[in-house]
Amino acid sequence: MARHGQTIRLRPPRHGVAPRARRWWTAQAWLTVTGPSLLTAAILLVLSVLFFPGALPWLAPLLAGVLVLPAAGYVLAMPRLRCRIHAWEVGESAVYAAGGWLLHKRRIAPLSRVQTVDTVRGPLQRAFGLATVTVTTASTAGDVRITGVSDEDAERIAARITEAARLTPRDGDAA
């Protein structure tokens, strides 16, 4: 037990995301940020060439700095960072997940507080054979999300959490 003033270091969860998760997050980046940014830049450049050729000397560097470089940086950096950060673990008494790429978030939920376990597969996730397991607890802090796991692992995780939660005495139950 930690004494006042001592810091307890939390180790990272043991299991990382599926190798396909990086490709999923890359495709997601292209569809949501990079693709639209590059398309916007291309349209503005074409319109400039057609209707305002005098604007091209200042518009091209502006678009490169505001749209193209950030979009390229996003698609290159985000999937790598997410794969490095996202991890999960189901222990004897708790579910532990780490996530985020910009804002790192760690959530630990006692199995005694688990209310539901959901497995979600969006269209893009299905294309890559991935799923997200969401563990809802009796907490106002929010759900525990295990993201970027294979379909097979998602089914095993959900079954394991459900069974462990069923066997774990509830808060307030007599032991």
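The values are calculated or read from the model by the stated rules, or taken from the named source; none is laboratory data. Only a predicted model underlies this, so the values are computations on that prediction, with no experimental measurement involved. When we count neighbours, we look across all protein chains shown, and the Cβ atoms used for this are built from the backbone with ideal geometry, even at glycine. Only protein heavy atoms, including side chains, enter the accessible area calculation; ligands, DNA and RNA are left aside. Shrake-Rupley method; radii C 1.70, N 1.55, O 1.52, S 1.80 Å.
Conditions (1) at pLDDT below 95; (2) under 29 Å from P79 (Cα atoms), marked per residue:
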position: E92; (1), (2): yes, no
position: K105; (1), (2): yes, yes
position: I108; (1), (2): yes, yes
position: S112; (1), (2): yes, no
position: T116; (1), (2): yes, yes
position: Q125; (1), (2): no, yes
position: G142; (1), (2): yes, yes
position: S150; (1), (2): no, yes
position: A174; (1), (2): yes, no
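Selection of first residues in segment 9-34 that are modelled with pLDDT of 95 or more and of second residues that are open to solvent by 100 Å² or more (accessible area, probe 1.4 Å), restricted to Cβ pairs under 8 Å at least 6 apart or on distinct chains, gives the following pairs, ordered by first then second residue: R22/R80.
The conditions of being touching an Asp or Glu at 6+ places or on another chain (Cβ under 8 Å) and open to solvent by 70 Å² or more (accessible area, probe 1.4 Å) are not met by R106. For L130, are the conditions met, namely being at pLDDT 90 or above, closer than 19 Å to E152 by Cα and open to solvent by 20 Å² or more (accessible area, probe 1.4 Å)? Judged against the criteria, L130 is not a match.
Taking the conditions (1) open to solvent by less than 70 Å² (accessible area, probe 1.4 Å); (2) out of contact with any helix residue (DSSP H, G or I) (no Cβ under 7 Å at 6 or more places or on another chain) in turn, R113 satisfies each one other than (1).
Within segment 155-173, track down each residue that is under 19 Å from the mean Cα position of the chain (by Cα) and surrounded by fewer than 16 Cβ atoms within 10 Å (Cβ to Cβ). E155, the sole residue that qualifies. Looking only at segment 93-103, residues that are open to solvent by less than 20 Å² (accessible area, probe 1.4 Å) and of a type in the set (A, V, I, L, M, F, W, C) come to 3 in all. Among the residues examined, E152 does not qualify as within 18 Å of P13 (Cβ to Cβ) and surrounded by fewer than 15 Cβ atoms within 10 Å (Cβ to Cβ).
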